[in-house]
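Structure record follows, encoded as structure tokens.
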Amino acid sequence: MAVVLPFAAAFAGLLLSRWPHRRPAGTTGPAAGEGANARAAWIAVVPTAVAAVLALWLAWEPGFAFLEGARPGPAVGRTYGTIDTGAIPISLTLQADDLSAILGVLVTLVALAVQVYSVGYLHDDSRYPSYSAFISLFTSAMLLVVYAGDLLVLYVGWEIMGLCSYLLIGHWWEDKGNSRAAIKAFLVTRLGDVGFLFGIFVLGAAAGSFRIADVLAKVPEMSTGTLVAGTMLLLAGVAGKSAQVPLHTWLPDAMAGPTPISALIHAATMVAAGIFIVARLFPAFQAARPTLDVLAVLAALGMLGAALAALAQDDLKRVLAYSTISQLSYMAGGLAAGSDSAAIFHLLTHGAFKALLFLCAGAVIHHVGSNLMTQMGGLRRELPVTFVTMTVGFAALAGLPPASGFFSKDELLLAMDHALSSGGLTDAAALLLYGCALATVAVTGAYATRAWLRTFFGQARVVALPEPEPGMAHVIDVREAPRTMLVPIVLLTVPALLLGLAGGLHVDLGVAAVGVVLALLGAGVVYAFWRSDPLADPARLLGPLRLPCERAFYVDSVYSALFVRPILALARLVVRTDDVVVDGAVRGSGRSARGLSGLLRLAQNGNVQLYVSGVLAGVLLIVVGAVVFT
């Protein structure tokens, strides 16, 4: 039911929210759509709330034992049928164990917060009914991934999420940049999904079943080559969905969508799916040590590179986007280091505080009318509730006690520290991973402090803006966001602050002290630069590295030169060849037929005398030929 309810809400929202189609007499313009938006809101919020209650009930029995380091308990599930493929059957199974139970809670609660928040954020948007329906479908797809007991059933939810991300990122499709961002997200994630599907085929064929329990049971019997091939292919899909190097470039551009969608994608659905998959199939990854080495290297590069990129961005949402890439790389690093429980613990806390940060950013943007921090400043007096809640979110992001991110990040750093001596990774990969993780802690403290200072402190830099085009952010006003936006923000502050206690107070004092000192060091350096000139951007501390960091080390430019431009040139060549050669041949044959028909038309003109003359000439030729050749 937790999976079905959001799906039913999506179906009802698309078909029933605008029923009846006749507008009440005297209603025109925006007022005419208020009834449809109100119905769509109820259709979206109520089923999601019920699904959240069901997810909490499912998690109550297994509890949070997984966060304590215990392996997932026995799954409780049900099979709804089997599809006979002629080879390996597909089992329509849904199941719940410790891992899926706690992820289901994260998905449904964040989705519920986003649905409620969107009521105020998009209250005058004419396409709100379809928007809320697609969020419901997105939620249902992620829940299908979480609760699926068969890899191909999981893949169905995996692909539906890709479709929903395309539809929601491109919600304001009138803007060409938004449409391009949606297409980019769709194509990049699809590229990874090709490898993901073949990885499913490799593991399923080796196990003789696509059921997750059967695949994991057969892992000890699989050859190393099979496991490495299967998990490396799966890693391609993980990199795409969770925006990991080298398929991370779609995520910052996805900020073109409405801010609540950014919160949903970055906190609880798409980006969480890749980390969840590695944790779900973790025994297979543990048995494929070369895959873990590759994952460790990619995580190390991603966490530090994305953190440096976040430090140089002026767009507040892009700061949080690169922060998401960096934090997901932390989780991938924890998985590579051998601790799936630490990675999932950070996935939960990150879901809480990153959803909080994005929704707070939406409130700030709603108030200011711009995403750029150069047009912000001094907002702590105008937005006191948003200031307090976003401060909690930034503290959790930086890993400062007692916020939730402190505890989960400590678990990850401890796992990476143990990987140096445990032998699970090669020495070079383990050293690179741990070194980059420590450096990233300092840079995270730096960019979180920079965003906090530039948004809420210093001189107010906001100016009244003209009314924007439809689909853009609202102009400045002097009030806090509406209650439908503030209530989810305030409620999310509680898990962002306290969720770290769910894993127990197992803090390694040495590692925790190093993490806090590094975070405070990064924050202190940024504060010193800001204090010396509050009107200047503290990102100037990067010196000549600022522009490369702002451009995210030109990875997009490299991809454009290596792949996009050659493919576009090839496409133009194909079009030209089709137009000149293929269509030219067709058009040429048509012209030839018309020319020949013109010659025949000269003879078939309806003149009887010409016909008789032709017959007589033919007879004469036959007679002459007979006389000459006989």
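Let's test this: bin the Cα-Cα distances of the stretch 163-246 at 10 Å from zero up to the farthest pair and state each bin's percent.
18, 36, 24, 15, 6, 0
Go through Ser140, Ser421 and list them by solvent-accessible area, largest first, probe radius 1.4 Å. Display every interim value, and only then the final one.
On the way: Ser140 10, Ser421 105 Å².
So the residues, ranked largest to smallest area, are Ser421, Ser140.
So, with +1 on the Cβ of K and R and -1 on the Cβ of D and E, and no other charges, what is the size of the charge dipole of the chain about its Cα centre, to the nearest 20 debye?
That gives the chain a dipole magnitude of about 1500 debye.
If you take the Cα Rg of the stretch 200-261 and divide it by 2.2 N^0.38 Å, with N the number of residues, what do you get? Present the calculation step by step, with values, prior to reporting the outcome.
Working: Rg = 16.0 Å, N = 62, 2.2 N^0.38 = 10.6 Å.
So the stretch 200-261 has a normalised radius of gyration of 1.52.
Normalised by the number of residues in the chain, what is the relative contact order in percent for Cα pairs under 8 Å and 6+ residues apart?
Working: 1052 pairs, mean separation 78.0, N = 630.
RCO, the chain: 12 percent.
Largest first, please: the extent of the C-alpha atoms of the stretch 412-463 along each principal axis, to the nearest Å.
57, 16, 12
Binned at 5 Å from 0, what are the whole-percent values of the Cα-Cα distance distribution for the stretch 176-334, short to long?
Calculated P(r), rounded to whole percents: 2, 10, 18, 21, 18, 13, 9, 6, 3, 1, 0.
For the stretch 570-630, what does the convex hull of the Cα positions come to per residue, in cubic angstrom? Intermediate values should be presented prior to the final figure.
On the way: hull volume 5.6 nm³, N = 61.
Per residue, the Cα convex hull of the stretch 570-630 comes to 92 Å³.
Classify the stretch 93-230 from the C-alpha gyration tensor, please: rounded if a/c falls under 1.5, else prolate or oblate depending on whether a/b exceeds b/c.
Values: a/c = 3.69, a/b = 1.78, b/c = 2.07.
The shape class here is oblate.
Helix 34-60 sits at what angle to the longest principal axis of the chain, using alpha carbons and giving 0 to 90 degrees rounded to 10?
With rounding to tens, the tilt is 60 degrees.
Of Cys164, Gly149, Ala207, which is farthest along the charge dipole of the stretch 145-231 in the positive direction, counting Lys and Arg as +1 and Asp and Glu as -1 at C-beta?
About the Cα centre, the residue reaching furthest to the positive side is Cys164.
Taking the Cα atoms of the stretch 516-630, report the difference between the largest and smallest coordinate on each principal axis, in whole Å and largest first.
So the three principal-axis extents are 118, 32, 23 Å.
Within 10 Å, count the other beta carbons around each residue, average over each peptide in 377-384, 149-156, and list them highest first.
On the way: 377-384: 17.1, 149-156: 22.4.
Put in order of decreasing packing, that is 149-156, 377-384.
In square nanometres, what is one fourth of the surface area of the convex hull spanned by the alpha carbons of the stretch 293-405? Intermediate results must be reported in sequence, preceding the final value.
Working: hull surface 28.1 nm².
Mean projected area of the Cα convex hull: 7.0 nm².
Under the rule a/c < 1.5 gives rounded, and otherwise a/b versus b/c splits prolate from oblate, where does the stretch 477-584 land using the Cα gyration tensor? Mind dumping the intermediate values first?
Values: a/c = 2.27, a/b = 1.91, b/c = 1.19.
It comes out prolate by the Cα gyration axes.
Please grab the % of Cα pairs in the chain that end up more than 32 Å from each other.
On the way: 101840 of 198135 pairs.
Considering the chain, 51 percent of its Cα-Cα pairs are separated by more than 32 Å.
Run down the lysines and flag those whose C-alpha is under 16 Å from the C-alpha of Lys176, throwing out any fewer than 8 positions away in its chain.
Lys184
For the ranges 310-317, 218-225, 286-293, what's the packing order if you count other beta-carbon atoms within 10 Å of each residue, average per peptide, and put the highest first? Don't skip to the answer; put the middle values down first.
Numbers: 310-317: 23.2, 218-225: 12.8, 286-293: 19.5.
Per-residue Cβ counts within 10 Å, averaged per peptide and sorted highest first, yield 310-317, 286-293, 218-225.
I'd like to know which of Leu298, Ile325, Leu348 lies farthest towards the positive end of the charge dipole of the stretch 244-398, counting +1 on Cβ of Lys and Arg and -1 on Cβ of Asp and Glu.
My answer, from the dipole projection, is Leu348.
Is the shape of the stretch 264-355 best called rounded, prolate or oblate, per the rule: a/c under 1.5 gives rounded, else a/b larger than b/c gives prolate, else oblate, with a ≥ b ≥ c the square roots of the Cα gyration tensor eigenvalues? Write out the running numbers ahead of the final one.
Details: a/c = 2.71, a/b = 1.55, b/c = 1.75.
Because a/c hits 1.5 or more and a/b fails to exceed b/c, the stretch 264-355 counts as oblate.
The values are calculated or read from the model by the stated rules, or taken from the named source; none is laboratory data. None of the values given here were measured: they were computed from a predicted structure. Cβ atoms come from the backbone with ideal geometry, glycine included; neighbour counts cover every protein chain shown. Please note that ligands, DNA and RNA were not included when accessible areas were found on the heavy atoms of the full protein model with its side chains. Shrake-Rupley method; radii C 1.70, N 1.55, O 1.52, S 1.80 Å.
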